[in-house]
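The values are calculated or read from the model by the stated rules, or taken from the named source; none is laboratory data. If you're wondering where the values come from, they're calculated on a predicted model, not measured in any experiment. Reconstructed Cβ throughout: ideal geometry from the backbone, glycine too, with neighbour counts over all protein chains shown.
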Amino acid sequence: MEHEDKRHQGPVLPPAKLARLRNDVDRYGCSDVIAKRLGINRAPRSFASWRHGWVWFPVENPEEIGYGLSPRNMPIIVRADSERDMLVRSGFHTVVTGGLPFAYVENSGQQRKPGSLIAFPPHSLGYGERIVVDEEYLEYVSSMKGKFSEVYCCLFWDDYKNPQAVDACKKRDIKVICGARPDDMNSLRRMRGIFDYFDFATTSTMGSHVLYAAYCGCRVSMAGPYHAHKKEVIEKDSYVCQFPGYADRLFAAYDKRGLMAQFPWLFVDHPMQAVPMRDWAEKEIGAGDMLDDATIMELLGWSPRARLKAISRGILRRARRYLENGVASCRKILQA
């Protein structure tokens, strides 16, 4: 009986391991995952970019995958050939298709709990106003109790530390799990453990969690009240507002009608109707394009030769910027 009680306490997840972020490869513990894969105890500093997050709509410009302001000579690893080709057309020198970082996280070994459900409410965007707790969606999640063996809500770190969000779950007797945190080196491993354990995953808004859940074998769905991010909140992002038209495209990407046309299998009347989509997820996450260890070492600048090349690139970039600023200053003096 004691063993049974433990099986009802949810997945066994790694503790938080906080670290200072040096670049985007460190975020969510990607560099730590890759270092352990390569037999390295402590991840060196990376000299390339490998962004997290799944962009589910066709990308047309570098800013849509986070590279609107990036140096053209910085090595970049992207999810798909379509993203690589777009960046190359935009003038980036070294772009390699290698899948998303989450594809490199090993199976946690969790035993999947039959009939268990994990729900993902909308989370704070990190800019603009905080998302008000979606009481309507939590009521919907609460109504799932009794229909599943376990019902949990996963809250992004920003919301998990918000007592209002946690209390809104607890007062409905919904168990809460803390999800990803950017400076936690165990974040990707934690999310893998969550998706390896739960049988069903459901959500009220589109995001990377949909792809990750399907990749790990969850039957994922979008059911109940739908949440679309408000355009006025998206427009407040200091990065988004630098690129004309980007806010409109982002807002359109969350449009429910468009998503239903693009992912008809995702929208169901009840989470129990969700279907496995592992084959789709493996293709979408880039599992077939995963890089070998030697290529990763070179791209990230972790080998001695690659590190020297990366440092040289940085010196040349700074020297070029210094010269450009000096020329601009001279022109101002001459024009005065």
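List of remarks:
- Within the stretch 199-221, the presence of a residue that is modelled with pLDDT under 95, of a type in the set (Lys, Arg) and either more than 14 Å from the chain's Cα centre (by Cα) or in a strand (DSSP E or B) (or both) is excluded.
- Condition check for residue 43 on (1) within 19 Å of the chain's Cα centre (by Cα); (2) hydrophobic (A, V, I, L, M, F, W, C); (3) in a loop (DSSP other than H, G, I, E, B): one failure, at (1).
- Residue count for the stretch 229-275, restricted to those that are among the β-branched types (Val, Ile, Thr) and in contact with a His (Cβ under 9 Å, 6 or more places away or on another chain): 0
- Counted residues, the stretch 67-99 - those being of a type outside the set (Lys, Arg) and part of a helix (DSSP H, G or I): 7
- When residue 265 is tested against (1) surrounded by 20 or more Cβ atoms within 10 Å (Cβ to Cβ); (2) not in a helix (DSSP H, G or I), only condition (1) is not met.
- The one condition in (1) modelled with pLDDT under 95; (2) crowded, with 21+ Cβ neighbours inside 10 Å that residue 28 fails to fulfil: (1)
- Among the numbered conditions (1) out of contact with any helix residue (DSSP H, G or I) (no Cβ under 7 Å at 6 or more places or on another chain); (2) under 23 Å from residue 255 (Cβ atoms); (3) part of a loop (DSSP other than H, G, I, E, B), the only one that residue 55 does not meet is (1).
- Restricting the search to helices (runs of 4 or more DSSP H) fully inside the stretch 100-198 and requiring at least 3 residues that are surrounded by fewer than 21 Cβ atoms within 10 Å (Cβ to Cβ) and out of contact with any Asp or Glu (no Cβ under 6 Å at 6 or more places or on another chain) gives 135-142, 157-160, 163-170.
- Any hit, the stretch 1-23, residues being of a type outside the set (Val, Ile, Thr), closer than 18 Å to residue 291 by Cα and buried (at least 19 other Cβ atoms within 10 Å of the Cβ): no
- Verdict on residue 251 being farther than 26 Å from residue 43 by Cβ, of a type in the set (A, V, I, L, M, F, W, C) and in contact (Cβ under 8 Å) with a residue 40 or more places away in the chain: no
- Here residue 248 passes the criteria (1) more than 19 Å from the chain's Cα centre (by Cα); (2) within 23 Å of residue 147 (Cα to Cα) except the one numbered (2).
- Test for residue 287: is it touching a residue at least 60 places away in the same chain (Cβ under 8 Å), under 28 Å from residue 152 (Cβ atoms) and buried (at least 18 other Cβ atoms within 10 Å of the Cβ): no
- Candidate set from the stretch 66-94 (those that are surrounded by fewer than 21 Cβ atoms within 10 Å (Cβ to Cβ) and of a type in the set (Val, Ile, Thr)); member that is modelled with the lowest pLDDT: 94
- Considered as a group, the residues in the stretch 216-262 that are surrounded by 13 or more Cβ atoms within 10 Å (Cβ to Cβ) and of a type in the set (Phe, Trp, Tyr) include one that is farthest from residue 283 (Cα to Cα), and that residue is 243.
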